[in-house]
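So the structure is just underneath, and the comments pick up after that.
The values are calculated or read from the model by the stated rules, or taken from the named source; none is laboratory data. From a predicted model like this one, the values you see are computed outputs, not experimental measurements. A quick note on method: Cβ atoms are made from the backbone with ideal geometry, for glycine too, and the neighbour counts reach across all protein chains shown.
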Amino acid sequence: MRQGLPAGAYKGRRALVTGASAGLGAEFARQLAAAGADLVLVARRQEALEAQAAALRASYGVTVACLPADLSDRAAIPPLLAALEALGPVDVLINNAGAGGPTLLGPAPREEQLRYLELMMLSVTQLCQALAPPMAAAGWGRILNVASVAGRIGRAGDGHYGPAKAYVIALSEALHLDLRHRGVHVTALCPGFTHTAFHAEGELAAMKAKLPKFLWYDAHVVVREGLSALERNRAVYLSGRLYRWLDPFLQSVWLRPWLSVPARPQ
Ligand SMILES: NC(=O)c1ccc[n+]([C@@H]2O[C@H](COP(=O)([O-])OP(=O)(O)OC[C@H]3O[C@@H](n4cnc5c(N)ncnc54)[C@H](OP(=O)(O)O)[C@@H]3O)[C@@H](O)[C@H]2O)c1
């Protein structure tokens, strides 16, 4: 099993984690703080962020700033970037915020669908675009974009989540190539099913109840593997041995038509 970041490995670095109020983002923040990084936490729920920040300061003695923002709101990005600039350089960017959302052919209004795509793709793109050049100029940086195994396979009845994650993977691969000789590591982390708040309600909770336990990983394992892959500068990394084993089959041009997940009968 991969080791986590050594204590002090990121001492003196500042790390920005989006979606840090829960789930994988909260765990990224914890493991980065344990490695000595000062933190900037972003998500919508200010109270949850502040509680997380207080716990991290007390446990690890790092500085933590909270910047509440709704990343599905295009107008929220420029003030967020301005607030980041005022705080100083960001050395580590973890683009993690995300959610289940409306489907392409579903009943959700167009405006809701566009906001979802802002969160899942454009906010990730804009943070990379703003923060990668200063990292490259400094000769050191780390960018981890949380994608998903769902971005590696077609699924009927999806239409937004999987394609958005496929975009995040492609974006990360391109950035990885652009920056690999400039001291900036870029990794798309593709988790499979992970125990977080993601499947806490509604249809996703019902789906979780039906799925076998061996498909599920704990957030601390996914994050530890992701940060290790980032340090090794892997362009795309699937967390979980099961998913790494399945992936070549999922990617096979011969097998893909049979492996793609069909729509449930309505
Ligand atoms: N859990 C899984 O099985 C799984 C598998 C593959 C990939 N992933 C990916 O992993 C990432 C983290 O998900 P998770 O499982 O940790 O889910 P989670 O426990 O529900 O956490 C999601 C985080 O994203 C934040 N967020 C959601 N919408 C936001 C918005 N509009 N603006 C700003 N922040 C927002 C939430 O904070 P607020 O509510 O406070 O805004 C929360 O901190 C996502 O990108 C997800 O797609 C998860």
#### Entry: Whichever residue in the stretch 167-194 is among the charged types (D, E, K, R) and part of a helix (DSSP H, G or I) and, among such residues, is surrounded by the most Cβ atoms within 10 Å (Cβ to Cβ)
GLU173
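Residue-wise test of (1) among the hydrophobic types (A, V, I, L, M, F, W, C); (2) within 19 Å of the chain's Cα centre (by Cα).
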{"site": "GLY4", "(1), (2)": "no, yes"}
{"site": "GLY25", "(1), (2)": "no, yes"}
{"site": "ALA29", "(1), (2)": "yes, yes"}
{"site": "SER59", "(1), (2)": "no, no"}
{"site": "ASP70", "(1), (2)": "no, yes"}
{"site": "ARG74", "(1), (2)": "no, yes"}
{"site": "LEU84", "(1), (2)": "yes, yes"}
{"site": "PRO89", "(1), (2)": "no, no"}
### Query
Applying the selection to the stretch 101-113, what residues are loosely packed, with under 15 Cβ neighbours inside 10 Å and in contact with an Asp or Glu (Cβ under 9 Å, 6 or more places away or on another chain)?
LEU104
### Query
TYR167 is checked against (1) over 19 Å from ARG74 (Cα atoms); (2) more than 11 Å from the ligand (Cβ to nearest atom) and fails just one. What number does that condition carry?
(1)
### Query
Which of the residues that make up the stretch 149-166 are crowded, with 19+ Cβ neighbours inside 10 Å, of a type in the set (A, V, I, L, M) and in contact with a strand residue (DSSP E or B) (Cβ under 9 Å, 6 or more places away or on another chain)?
VAL149, ALA150, ILE153
#### Entry: Pairs with Cβ under 6 Å, 6+ apart, first in the stretch 4-18 and under 14 Å from ALA97 (Cβ atoms), second assigned to a strand (DSSP E or B)
LEU16/VAL40; LEU16/LEU93; VAL17/LEU41; VAL17/ILE94; THR18/VAL42; THR18/ASN95
## Note on the structure
Across the stretch 195-225, the tally of residues that are in a loop (DSSP other than H, G, I, E, B) and of a type in the set (A, V, I, L, M, F, W, C) stands at 3
### Message
Going through LEU215, LEU175, LEU179 one at a time, which residue ends up being closer than 25 Å to THR103 by Cβ and either within 13 Å of the ligand (Cβ to nearest atom) or modelled with pLDDT of 95 or more (or both)?
### Response
LEU215
### Query
Taking interchain pairs and intrachain pairs at least six residues apart, which have beta carbon atoms under 7 angstrom, with the first residue in the stretch 188-201 and over 14 Å from ASN145 (Cα atoms) and polar (S, T, N, Q) and the second more than 6 Å from the ligand (Cβ to nearest atom) and part of a strand (DSSP E or B)?
THR194/TYR217
### Task
Consider only pairs whose beta carbons are under 8 Å apart and that are at least six residues apart or on different chains; among these, list those whose first residue lies in the stretch 115-132 and is closer than 13 Å to ALA69 by Cβ and whose second residue is part of a helix (DSSP H, G or I) and not aliphatic (A, V, I, L, M).
GLU118/ARG74
### Message
ARG74 - would you say it is among the basic types (Lys, Arg) and within 14 Å of the ligand (Cβ to nearest atom)?
### Response
yes
### Query
When only residues in the stretch 16-61 that are of a type in the set (S, T, N, Q) and either under 16 Å from PRO191 (Cβ atoms) or surrounded by fewer than 22 Cβ atoms within 10 Å (Cβ to Cβ) (or both) count, which is nearest to the ligand (Cβ to nearest atom)?
THR18
